[in-house]
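S.K.: Got a structure for you, written out below as structure tokens; questions coming shortly.
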Amino acid sequence: MVLSDVAIEPLETITEFWPYILVGALVIAAVVTAIVLIAKKNKKK
């Protein structure tokens, strides 16, 4: 019982917060993409 409770609690936390995690991941991906594009433009100059 204890082991299953320990395993279930993080899953419940993830299901509650996954939208925020997803948005955070998308924001990070967008920032990284922007940095890469800017770096490429600067190299061409």
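S.K.: In whole Hz, with x marking every Gly and Pro, tabulate ³J(HN,Hα) for segment 15-30 from phi via Karplus 6.51 cos²θ - 1.76 cosθ + 1.60, θ = phi - 60°.
M.R.: Karplus values, whole Hz, x for Gly and Pro: 5, 6, 10, 4, x, 5, 5, 5, 4, x, 5, 5, 5, 4, 4, 5.
S.K.: Determine ³J(HN,Hα), in whole Hz, for all residues of segment 31-40 in sequence, where each value follows from phi through the Karplus function 6.51 cos²θ - 1.76 cosθ + 1.60 and θ = phi - 60°; x replaces Gly and Pro.
M.R.: Taking θ as phi minus 60°, the curve returns 5, 4, 4, 4, 4, 4, 5, 5, 4, 5 Hz for segment 31-40.
S.K.: Given the Cα-Cα distance of Val27 and Asn42 and 0.36 nm per residue of separation, how much length would full extension add, in nm?
M.R.: Working: separation 15, 0.36 × 15 = 5.40 nm, distance 2.24 nm.
That pair, Val27 and Asn42, stretches by 3.2 nm at full extension.
Coordinate-derived values only; no laboratory data. What you are looking at is a predicted structure, and each value in this text was computed from that prediction instead of being measured.
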